[in-house]
Amino acid sequence: MSKTYSISELSSEFDVTTRSIRFYEDQGLLHPSRRGQTRIYSSKDRVRLKLILRGKRLGFSLAETKELFDLWDETLSGSEKQLYLLLKTISGKRAELEQQLNDIAMIQLELDNAEARCLDALKELEQKKTTVE
């Protein structure tokens, strides 16, 4: 018999709220069985939760994660189609990050310029003060 997990065990292990886990279930990403009102999560659900959280850290939307899970579920070991979709998604995330890096560099430059103008203005005010006194 394979290991099963309660919602509180998964919540503790992955440091997420039980509400988040139920949300992932509502989105069709997890499929626990039930014993009365109690959710029983399988090892597969545990792995999926781990992948959901890793995907979130990498910037994958839940819809993208679900699409990958759905493709994986079509076959026993995934498919060429799934791998191409994953590569396309990774490429898109990489492009987004590249744009964000460029945006950050531009903002840093603008902040540097604003800071330099402020420092120059303060210097000018200090010099005016000194000449008046």
Being of a type in the set (Val, Ile, Thr), modelled with pLDDT of 90 or more, part of a strand (DSSP E or B) and assigned by TED's automatic domain parsing to the domain that holds Ser12: is that true of Ile52 here? no
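Can you tell me which residue in the stretch 29-50 is nearest to Leu71 (Cα to Cα), limited to those that are surrounded by fewer than 16 Cβ atoms within 10 Å (Cβ to Cβ) and under 18 Å from the mean Cα position of the chain (by Cα)? Quick ask: steps written out before the conclusion?
As a first pass, look at the stretch 29-50 and keep what is surrounded by fewer than 16 Cβ atoms within 10 Å (Cβ to Cβ): 31, 33-38, 40, 43-44, 47, 50.
Keeping just the survivors that are under 18 Å from the mean Cα position of the chain (by Cα) gives 47, 50.
Working: Val47: 16, Lys50: 18 Å.
Among those residues, the one meeting the criterion is Val47.
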Scope the stretch 59-81; condition at pLDDT 75 or above and assigned to a loop (DSSP other than H, G, I, E, B); matching residues: Gly59, Phe60, Ser61
Within the stretch 3-49, track down each residue that is outside any helix (DSSP H, G or I), of a type in the set (Gly, Ala, Ser) and closer than 18 Å to Asp73 by Cβ. Gly28, Ser33, Ser42
Taking the options Leu101, Leu87, Leu97, Leu119, name whichever one is under 30 Å from Leu10 (Cβ atoms), outside the structural domain of Ile21 (by TED's automatic domain parsing) and modelled with pLDDT of 90 or more. Leu97
Which number in (1) within 12 Å of Leu29 (Cα to Cα); (2) modelled with pLDDT of 90 or more marks the one condition that Ser43 misses? (1)
Out of (1) farther than 20 Å from Val16 by Cα; (2) outside the structural domain of Thr17 (by TED's automatic domain parsing); (3) of a type outside the set (S, T, N, Q), what's the single condition that is false for Lys66? (1)
Mind telling me which of the residues Leu101, Leu122 ends up being free of Cβ contacts under 8 Å to residues at least 12 places away in the same chain, surrounded by 10 or more Cβ atoms within 10 Å (Cβ to Cβ) and more than 23 Å from Lys56 (Cβ to Cβ)? Leu122
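The values are calculated or read from the model by the stated rules, or taken from the named source; none is laboratory data. Computed from a prediction, not measured in an experiment: that's the story for all the values here. Neighbour counts run over all protein chains shown; Cβ positions are idealised from the backbone, glycine included.
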